[in-house]
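Notes to accompany the following structure.
The values are calculated or read from the model by the stated rules, or taken from the named source; none is laboratory data. These numbers were taken from a predicted model, which means no experiment stands behind them. All Cβ positions, glycine included, derive from the backbone under ideal geometry; neighbour counts span all protein chains shown. Surface accessibility is based on the protein's heavy atoms, side chains included, excluding ligands, DNA and RNA. Shrake-Rupley method; radii C 1.70, N 1.55, O 1.52, S 1.80 Å.
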Amino acid sequence: MKAVVMAGGEGTRLRPLTSNQPKPMVPIVGKPCMEHIVELLKEHGFDDIVVTLAFMPQAIRSYFGDGEAQGVRIQYSVEESPAGTAGSVKLAEDVLDEPFLVISGDALCDIDLGALVRFHEEKEAAVTIGLKSVDNPLEFGIVVTDEDGRVERFLEKPSWAQVFTDTINTGIYAINPDVLQHVPTDRPHDFSKELFPLLLEMGRPLYGFVADGYWQDIGNLEQYRQANFDALDERVRLNITGVRLRGNVWIGEGVDLDDLDALEGPAFVGNYSRVAPQASVGPYSVLGTSVVLREHARTARSVVDAATYIGRSALVEGAVIGRMCDIRSHARLHEGVAVGDQSTIGEQSVVMPGVRIYPFKEVESGAQVDRNLIWESRAASTIFRRDGVSGLINVDLTPETALRFGMALGTVLERGARVVTSREAPPSCRLLRRAVLAGINATGVHVADLRVMPAAVNRHLLKTEDYAAGVHVRARAADPAIVEVHIFEPPGVQASSSFVKEVEKHYSRQDFRRAAWNQVGEIFFPARASESYAQDLLRSLDADAIRERHFRIVVDYCFSAASLILPVVLGSLEVETIASHAYVSERNLAPATANLQESLGYAKRLVAAVGADLGVVLDQAGERIYLIDEQAHEVAVEQELLLFLTLLASDGKRGKLAFPITVTSLVDKLVAGTQLEVERTPASLAALTRAAAADGVLFAGSVGGGFVFPDFLPAYDGATSLCKLLELLAPVRRPLSELVAQLPASTVVHRQVRCPWARKGAVMRILTERVKEMKGRKLDVLDGIKVHERRGWAHVLPDPDEPIVHVYAEGETPADAGRLEEEFLALVEEIVAGAEDEALA
């Protein structure tokens, strides 16, 4: 008798194991499930086999070939389009000219197939269905038979009220070939749902054979793991390769094992695997061919496929790991985790219970993965960044994660506190802001919702009213698919790292405060928030001086929410304004950087056309300004900062100036001999705004168009920056181009070096040691490592959010700056390479 092995299953519930291989090829104790079925067929005398294929047929063909290695003869039949279980067998009808056996290639069993065939022949049945008694028949098709075994009724996936028997259809059939004439060829057709009920209605003799032995459908990951464990416990009779030791432990050929006591049975270790000293293979571990366990690594209750590397002190418990995965040192994979082929799990990362990671993904070092990783290429170590959280909308940042973030933030605050929220116009910002708002309310914290409004208005409320925190949701300038949620603290400064880490702690642990039904936070909408902002801004200016100057300017709002408030201020200052892109649009889906370039070009043309004194372009967040002089030439962002500084110095201002440590040393030279004092801050917005909020600080700023005037608001604010510029220009009475032409040119250069997260500490340590050995060089460790010498300075700064290291340099001449940059760039690259080599040793 011939046998037909149905091997067309895609196995969607087994993903990620079946994302890039067909379901019959998933391994059971070192062999594809289908190979165990082929061995069972051969054992019972079926050596002429037809295999029906559909999903990724070449994977099965290339493994089994013509069947010679298994001692059988195999032919293949491939579905060009879905044909159903009966339809797929119908395609092989030409070679099925006598009674034949049908069996699934993805259900593990050791049933006596010969007994089923003898029963079929004795009953002279048209079809005999292999049946099996199970504890829970709800997920299977039930077959009801009489005392003689003749089928009386079929019922697909019944409810408990319909369970009249516990015998289910195993998908193993003995079939007479004439039955196939009832299978149509123009549409998919199924054995149990269509063909068998039809034959029963026709009165054809259908019988059910209740089989002894083991049968397990490998329909999901839990069933897959259990099938492997049952094989180790010998609940199913399989031909397991390798040498059997005590306690149901199997060792394959060429295994490198230091100590047999490192193996706790039952366990299977495949050919050429390597278990390092102090590593341990716990009970119910199944390791495929060429798996490597490094020192102190441990597996237990897990199935690990071929060529996977498990690093030092990594722990894999209750997980399923695909082929050629790279699990780095100290990683933790918990119960129910499934990792697809060729994925990388970074050092010290944690994959939480039940998470699925699809093939070819990367989990960054130190990441805590608590949701499935399907579409994105990698899982970041955290969605938290220096200033809040960020990520791809509905990939990294979903409504669920935004809700958790809101609950974490609310938990940090006192019950009954008030938070002010605002957002940019895109629908993605609205989606996440609503989720954050709901999370905050769930902890008993109240929310003042400004809806679409510049972040500056949010910050202004934090400064002037009794709010505990602010949240602003915006799209990233370079990519509108990435949404950022920023956190502010009174008096409108960026949230401190300690505050953000406290929120992150509650987010990670999910230990949220949950308000009772009568303590849920409220939502209210502050009246006249933008008017209050505008009035306070006007009070901080020398309005009369600006009015007397009779400015004519071009303002391009770049679709920012600043267009909701700045026209009111400029109108009160009697500034003649030609505006463009002065509206907020939810349908503007272009990256803000593209909008900015378009706006700059548009503003240049307008400045030339109307003879404006200057042009100003705001970024889409309304926080930064970019200047165009009266000759329609763009002012470089490095020159903008020096322009503000020169105007402040010439105006006789007195006080402190705050600049990040990476800003040009020209700021120190420009204020020499004035009443202004320069103070350096770490290179972060939070550090800069906090320094700006201190007493006596007159101005703060950085390269890139962001400026802070703390007498009004200790934060970047494009509207304030423009108004303060007009105030400083009012008494000067000189063209902007002339002022810019007299400014010195900065020689600061900046490059980046890729550096693994786990190596940043080593890079900084080794670099510090080397710099200390250099003579004539002064070391500054305010933020990163800054080295001063006679030619200028170089600064090495690890990025807090990306696996890169920044290298800045400034020299007396551009050539000096270039040489300093190249010198320290090469030094960092050398240390990164050396650190990586050390890690691989």
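V50 meets each of the listed conditions (1) over 30 Å from R187 (Cβ atoms); (2) modelled with pLDDT of 90 or more; (3) surrounded by fewer than 24 Cβ atoms within 10 Å (Cβ to Cβ) apart from (1). Criterion applied to L600, L564, L589 was being at pLDDT below 95, loosely packed, with under 15 Cβ neighbours inside 10 Å and of a type in the set (A, V, I, L, M, F, W, C), and the one residue passing it is L589.
Screening A683, A594, A609, A672 for residues that are open to solvent by 10 Å² or more (accessible area, probe 1.4 Å), part of a loop (DSSP other than H, G, I, E, B) and out of contact with any strand residue (DSSP E or B) (no Cβ under 7 Å at 6 or more places or on another chain) leaves exactly one candidate, A672.
List the strands (runs of 3 or more DSSP E) inside the stretch 723-841, counting only whole elements, that have at least 1 residues being of a type in the set (D, E) and in contact with a Ser or Thr (Cβ under 6 Å, 6 or more places away or on another chain).
Answer list for the stretch 723-841: 804-811.
E769 - would you say it is without any contact (Cβ under 8 Å) to a residue 60 or more places away in the chain, acidic (D, E) and open to solvent by 30 Å² or more (accessible area, probe 1.4 Å)? For E769, the condition - without any contact (Cβ under 8 Å) to a residue 60 or more places away in the chain, acidic (D, E) and open to solvent by 30 Å² or more (accessible area, probe 1.4 Å) - is met.
Listed by position, the strands (runs of 3 or more DSSP E) contained in the stretch 287-378 that have at least 3 residues being modelled with pLDDT of 90 or more and open to solvent by less than 50 Å² (accessible area, probe 1.4 Å) are 302-304.
Quick one: in the stretch 438-466, of everything that is aliphatic (A, V, I, L, M) and open to solvent by 10 Å² or more (accessible area, probe 1.4 Å), which residue is nearest to A621 (Cα to Cα)? Ranking the candidates gives M453 first. Beta carbons closer than 9 Å, at least 6 apart along the sequence or on distinct chains, pair a first residue in the stretch 703-722 that is open to solvent by 10 Å² or more (accessible area, probe 1.4 Å) with a second that is part of a loop (DSSP other than H, G, I, E, B) and of a type in the set (K, R) for G704/R624; Y716/R624.
Residue-wise test of (1) within 15 Å of A107 (Cβ to Cβ); (2) in contact with a strand residue (DSSP E or B) (Cβ under 6 Å, 6 or more places away or on another chain); (3) among the polar types (S, T, N, Q).
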residue	(1), (2), (3)
G8	yes, yes, no
M25	yes, yes, no
L40	yes, no, no
H44	no, no, no
G67	no, yes, no
Q70	no, no, yes
S81	no, no, yes
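Applying the criterion of at least 1 residues that are touching a strand residue (DSSP E or B) at 6+ places or on another chain (Cβ under 7 Å) and open to solvent by less than 70 Å² (accessible area, probe 1.4 Å) to the helices (runs of 4 or more DSSP H) found wholly in the stretch 483-558 leaves 497-509, 529-539.
Do you know which of the residues in the stretch 114-140 that are at pLDDT below 80 and open to solvent by 10 Å² or more (accessible area, probe 1.4 Å) is nearest to Q216 (Cα to Cα)? Full working, then the answer.
First, the residues of the stretch 114-140 that are at pLDDT below 80: 133-140.
Narrowing the set further to residues that are open to solvent by 10 Å² or more (accessible area, probe 1.4 Å) leaves 133-136, 138-140.
Values: S133: 11, V134: 10, D135: 12, N136: 12, L138: 15, E139: 12, F140: 12 Å.
Residue satisfying both the conditions and the ranking: V134.
Do we find a residue being farther than 19 Å from I661 by Cβ, at pLDDT 90 or above and open to solvent by less than 30 Å² (accessible area, probe 1.4 Å) anywhere in the stretch 741-749? Among the residues of the stretch 741-749, at least one is farther than 19 Å from I661 by Cβ, at pLDDT 90 or above and open to solvent by less than 30 Å² (accessible area, probe 1.4 Å), which makes the answer yes. All told, R777 falls short of being within 30 Å of V575 (Cα to Cα) and open to solvent by 20 Å² or more (accessible area, probe 1.4 Å).
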